[in-house]
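Data first, discussion second: the structure below is written as C-alpha cells.
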Amino acid sequence: MAHSINDDCINCGACDDSCPVNAISEQDGKRVIDADTCIDCGACVDTCPVNAILGH
Ligand code: SF4
C-alpha cells in the first residue's frame, strides 16, 4: 500500500522534491501521491510542515 496525503495538506509543495520516483503532483489545490508510482520509501513524510503525509 502506498503513502497518502490527507486533507490537512496546504499545497505548499515542500514534499515535491523529496520523492525519488516523482509520485507527488498537484491536483485540485492539494498534493496527491500516485499510488501506482509510490514505492513506499517514506522519504516524503518528514518534509510536510503539517504532517499530512501518512504511511499505513
Ligand atoms: Fe515518493 Fe517515497 Fe513518498 Fe512514496 S513514500 S510518495 S515513493 S517519497
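The values are calculated or read from the model by the stated rules, or taken from the named source; none is laboratory data. Since this is a predicted model, take the numbers as computed values, not measurements. Cβ placement follows ideal geometry from the backbone for every residue including glycine, while neighbour counts extend to all protein chains displayed. Ligands, DNA and RNA are stripped out before the accessible areas are found, and what is left, the full protein with its side chains, is counted by its heavy atoms. Shrake-Rupley method; radii C 1.70, N 1.55, O 1.52, S 1.80 Å.
Side notes on the structure shown:
- Enumeration of residues in segment 25-55 that are more than 6 Å from the ligand (Cβ to nearest atom) and in contact with a helix residue (DSSP H, G or I) (Cβ under 6 Å, 6 or more places away or on another chain): T47, I53
- Among the residues of segment 25-36, the one identified as assigned to a loop (DSSP other than H, G, I, E, B), open to solvent by 50 Å² or more (accessible area, probe 1.4 Å) and not acidic (D, E) is A35.
- Taking segment 37-56 as the range and being open to solvent by less than 40 Å² (accessible area, probe 1.4 Å) and touching a Cys at 6+ places or on another chain (Cβ under 7 Å) as the test, the residues that pass are C44, C48, A52, I53.
- For first residues located in segment 35-50 and of a type in the set (A, V, I, L, M), partners that are assigned to a loop (DSSP other than H, G, I, E, B) and more than 7 Å from the ligand (Cβ to nearest atom) and lie 6+ apart or on another chain with Cβ distances below 6 Å form the pairs V50/D8; V50/I10.
- Segment 1-24, subset open to solvent by 60 Å² or more (accessible area, probe 1.4 Å) and more than 7 Å from the ligand (Cβ to nearest atom), residue farthest from the chain's Cα centre (by Cα): M1
- Cβ-Cβ distances below 6 Å connect the following pairs, each with a first residue in segment 8-19 that is in a loop (DSSP other than H, G, I, E, B) and modelled with pLDDT of 95 or more, a second residue that is open to solvent by 40 Å² or more (accessible area, probe 1.4 Å) and among the β-branched types (V, I, T), and a separation of six or more residues or different chains: D8/V50; I10/V50; A14/T47; C15/T47.
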